[in-house]
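The values are calculated or read from the model by the stated rules, or taken from the named source; none is laboratory data. Predicted model, so just to flag it, every value in this text is computed and none were measured. Cβ placement follows ideal geometry from the backbone for every residue including glycine, while neighbour counts extend to all protein chains displayed. To get the accessible areas, we keep the full protein, side chains included, count just its heavy atoms, and leave off ligands, DNA and RNA. Shrake-Rupley method; radii C 1.70, N 1.55, O 1.52, S 1.80 Å.
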Amino acid sequence: VQLQASGGGLVQAGGSLRLSCAASGGMFSNNGVGWFRQSPGKEREFVAGIDWNGGITDYADSVKGRFTISRDRPKGPVYLQMNSLKPEDTAVYYCAAARSSGLITTTKGYAYWGQGTQVTVSS
């Protein structure tokens, strides 16, 4: 499975972006999917996750109430709607498909990773 993340860009603080994660070379319709981010000098961190059916979601405390993860069943992309963006949200955002169908919040639980898309929020 190859994952392609897109939708990043430059936005002012308070603005919005929607990231998309699409799969090729296979499907991830039966996998949990997560979004992670990484800033220079920092470890990759969990941002949001969703189970295979879209019925269970979870978010990092830093993005709760501002970000929403969703997926188009059965084979569609997984989205990350990001509102009220802050400069501290600036990072490369990665989508990943889990080894299982559930919601996973740690990087170890993910088998497939996209290439990342840059999100830059200016103050």
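Tabulated results
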| item | result |
| --- | --- |
| Apportionment of accessible area to carbon and sulfur, the chain, percent (1.4 Å) | 47 |
| Nearest-0.05 FRET efficiency for MET27 and ASN83, computed from C-beta distance (R0 35 Å) | 0.75 |
| Computed E for ALA111/ASP61 - FRET, C-beta separation, R0 25 angstrom, nearest 0.05 | 0.45 |
| Probe 1.4 Å, accessible area per residue of the chain, Å² | 49 |
| Spatially proximal aspartates and glutamates relative to LYS64 (Cα-Cα < 19 Å; intrachain offsets below 8 disregarded) | GLU45, ASP51, GLU88, ASP89 |
| Whole-Hz ³J(HN,Hα) from phi, Karplus 6.51 cos²θ - 1.76 cosθ + 1.60, for the range 57-63, glycine and proline x | 10, 8, 9, 5, 4, 5, 10 |
| Unit charges on C-beta of K, R, D, E only; dipole of the range 18-123, Debye | 160 |
| Separation of the SER100 and LYS42 label points, Cα + 7 Å toward Cβ, nm | 2.8 |
| D_trans [Stokes-Einstein, Kirkwood Rh over alpha-carbon pairs] for the chain, 37 °C, 0.692 mPa s, µm² s⁻¹ | 234 |
| Pairwise label distance in nanometres, SER6 with THR120, each label 7 Å out on the Cα-Cβ vector | 2.1 |
| Gaussian network model of the chain, springs between alpha carbon atoms under 10 Å - residue of SER20, SER70, SER39 with greatest fluctuation | SER39 |
